[in-house]
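Some notes on the structure that comes next.
The values are calculated or read from the model by the stated rules, or taken from the named source; none is laboratory data. The shown structure was predicted, so the numbers you read here are calculated from the model rather than taken from an experiment. FYI the Cβ positions are ideal-geometry reconstructions off the backbone, even for glycines, and counts take in every protein chain you see. For accessibility, only protein heavy atoms count, side chains too; no ligands or nucleic acids. Shrake-Rupley method; radii C 1.70, N 1.55, O 1.52, S 1.80 Å.
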Amino acid sequence: MPRFLDAEELDLLAIGAWILGTGGGGSPYAAHLVVRQFYEEGGRIALLDPDELADDDVVAVVSTMGAPLVFQERMTDAAFALKPVRIIEAFRGRPFRAVMTVEIGGCNAFQPLLVAAASGLPVVDADAMGRAYPEAQMQTFSIAGLQMVPHVVSDIRDNDVIIPTASGWHEMERVRRKVCTEYGSVATTCQAPRTGAEVKRHAVLRSLSQAIALGREVGRAKMAHEDPVEATVAAGGGKRLFTGKVMDVQRRTTEGFLRGSLNLAGLGASFDIAFQNEFTIGRRDGAVIVTTPDLICVLDSISGEAIGTESLRYGQRVTVIALPSQPIHRSAEGLRHVGPRAFGHDVEFHSVFGEEPA
């Protein structure tokens, strides 16, 4: 049976999902507040373990897409999140059994909760990335070669696009990205429906619970006056890479993405990170130290809370850590989708954890 999330878990999810966002995914702050208000008014959201799905159940996979900087200006809400779900249901003539997020990182951890608040559907404890990535073809369902359509992209007005067919995931991503840009670089989506069997076989399972546990450990460390960064590293099996001060941030919103670079200064060394919504590659004194698909996270050195690419500013004291990627992302096909070359970096992937490609 599904269990109901409690209000405290919403707070913990916001902390953990922001860390797993690897700089992108958009801040969960606004969506978190909407769901908290829903709870304060007596609402509750059911969390469904993936094993409780029947193989022929149909699951809606939802997201907010666009440039994180724009998310701060044009916030989502429950009705906006539900809109593309209802369009897909009408298009296919079949209701959904449950809803899940495409990515656990950032505000998209709350996207299925917004849909649940507006519809009563349970939320599946799973996602299709185990983190945040900026493009549709970077999800596990794409790496597994599953169907990518129908796909709906909606904006806050009466504008919606249904993509009923596409020749491939990359081609579908190009189309929907152009649509999103025309919408002002923010949109809500309902992606290709997934059966219960596909979710159980190809999704990253119990990732909401993982994000909640990560947030709980950060909170525990603060209450115990311990180092919350170290608590995150220990809880996530990660590694510290660099500690320093933000010296410069270059960013621009283009083609529906927030692109740019970050420069940090530490004791006798510098660290540079490039990003496309999410952090993609890190260099210490010019030498590549870490690349996607390892999770590159920039945390406030005191609070341990994540800092998104849209929130970076001069003078912040930060610590860069890495967390392990999902095995599917380290496969040959996974690296083709999410390795450094997928983001334009002409380097090989070598995990900071010493893992060979899966």
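Starting from one equal scatterer on each C-alpha and no solvent at all, send me the Debye-based log10 I(q)/I(0) for the stretch 47-160 at q = 0.16, 0.17, 0.23 Å⁻¹, two decimals.
-0.74, -0.84, -1.62
Explain nothing, just the number: dipole magnitude of the stretch 13-145 about its Cα centre with +1 on each Lys and Arg Cβ and -1 on each Asp and Glu Cβ, in debye rounded to the nearest 20.
Its charge dipole is roughly 400 debye.
Under 22 Å from the Cα of K178, which lysines turn up, not counting those fewer than eight places away in the same chain?
Partners found: K83.
Bin width 10 Å, origin at 0, all Cα-Cα pairs of the stretch 185-263: what percent of pairs per bin?
Reading the bins upward from 0: 14, 22, 30, 29, 5.
So what are the three principal axis dimensions of the chain from its Cα atoms, in whole Å, longest to shortest?
That works out to 62, 46, 38 Å along the principal axes.
Keeping every protein chain in place, order Y29, Y183 by accessible area at 1.4 Å, biggest value first, i.e. largest first.
Numbers: Y29 150, Y183 25 Å².
Accessible-area ranking of Y29, Y183, largest first: Y29, Y183.
Determine the share of the chain's accessible area contributed by carbon and sulfur atoms, expressed in whole percent, with a 1.4 angstrom probe.
Answer for the chain is 51 percent, counting heavy atoms of protein chains only.
Stokes-Einstein D for the stretch 227-332 at 25 °C, 0.890 mPa s, Kirkwood Rh over Cα pairs, in µm²/s?
Translational diffusion coefficient: 175 µm²/s.
What whole-number distance in Å separates the alpha-carbon centres of the stretch 247-272 and the stretch 204-223?
With the stretch 247-272 and the stretch 204-223 each reduced to a Cα centre, they are spaced 27 Å.
Can you give the % of DSSP beta bridges in the chain that are antiparallel, to the nearest 5?
Among the beta bridges of the chain, antiparallel pairing accounts for roughly 90 percent.
Highest mean first, how do 38-51, 202-215 rank when packing is the count of other Cβ atoms within 10 Å averaged over residues? All intermediate terms of the calculation are to be shown ahead of the outcome.
Working: 38-51: 15.4, 202-215: 22.2.
With the highest mean Cβ count within 10 Å placed first, the list reads 202-215, 38-51.
Looking at the stretch 260-317, which chymotrypsin sites (Phe, Trp or Tyr not before Pro) are DSSP coil and have at most 10 other C-beta atoms within 10 Å of their C-beta?
Y314
Enter the angle in degrees (range 0 to 90, nearest 10) between the Cα long axis of helix 29-40 and the first principal axis of the Cα atoms of the chain, meaning the one along which they spread out most.
Roughly 50 degrees between the two axes.
Assuming 0.36 nm per residue, please report the length gained on full extension of the stretch R341 to D6 beyond their Cα-Cα distance.
Values: separation 335, 0.36 × 335 = 120.60 nm, distance 4.10 nm.
Residue separation times 0.36 nm, minus the Cα-Cα distance, leaves 116.5 nm.
Give the Kirkwood hydrodynamic radius (Å, one decimal) of the stretch 41-110, defined as one over the mean of 1/r across all pairs of different Cα atoms.
Hydrodynamic radius (Kirkwood, Cα only) of the stretch 41-110 equals 13.9 Å.
When only DSSP loop residues count, what GluC sites (Glu not before Pro) in the stretch 296-358 have their Cβ near at most 13 other Cβ atoms within 10 Å?
Of the GluC sites (Glu not before Pro), the ones in loops of the stretch 296-358 whose Cβ has at most 13 other Cβ atoms within 10 Å are E348.
Reachable lysines from K239, Cα under 22 Å, same-chain residues fewer than 8 places away excluded?
K222
Based only on the alpha carbon positions, what is the Kirkwood hydrodynamic radius of the stretch 272-358, in angstrom?
Value: 13.5 Å, from the Cα pair sum.
Suppose each label sits 7 Å from its Cα in the direction of the beta carbon; what would the S351-R220 distance come out to in nanometres?
2.4 nm
Please compute the alpha carbon radius of gyration of the stretch 77-144, then divide it by the globular-protein estimate 2.2 N^0.38 Å. Two decimals is fine. Write out the running numbers ahead of the final one.
Values: Rg = 12.1 Å, N = 68, 2.2 N^0.38 = 10.9 Å.
My calculation over the Cα atoms of the stretch 77-144 gives 1.11.
Return the whole-Å distance between the Cα centroid of the stretch 171-192 and the Cα centroid of the stretch 284-329.
27 Å
Under a 1.4 Å probe, what is the accessible area of the chain per residue, stated in Å²? Present the calculation step by step, with values, prior to reporting the outcome.
On the way: 13850 Å² over 358 residues.
Computed with neighbouring chains in place, this is 39 Å² per residue.
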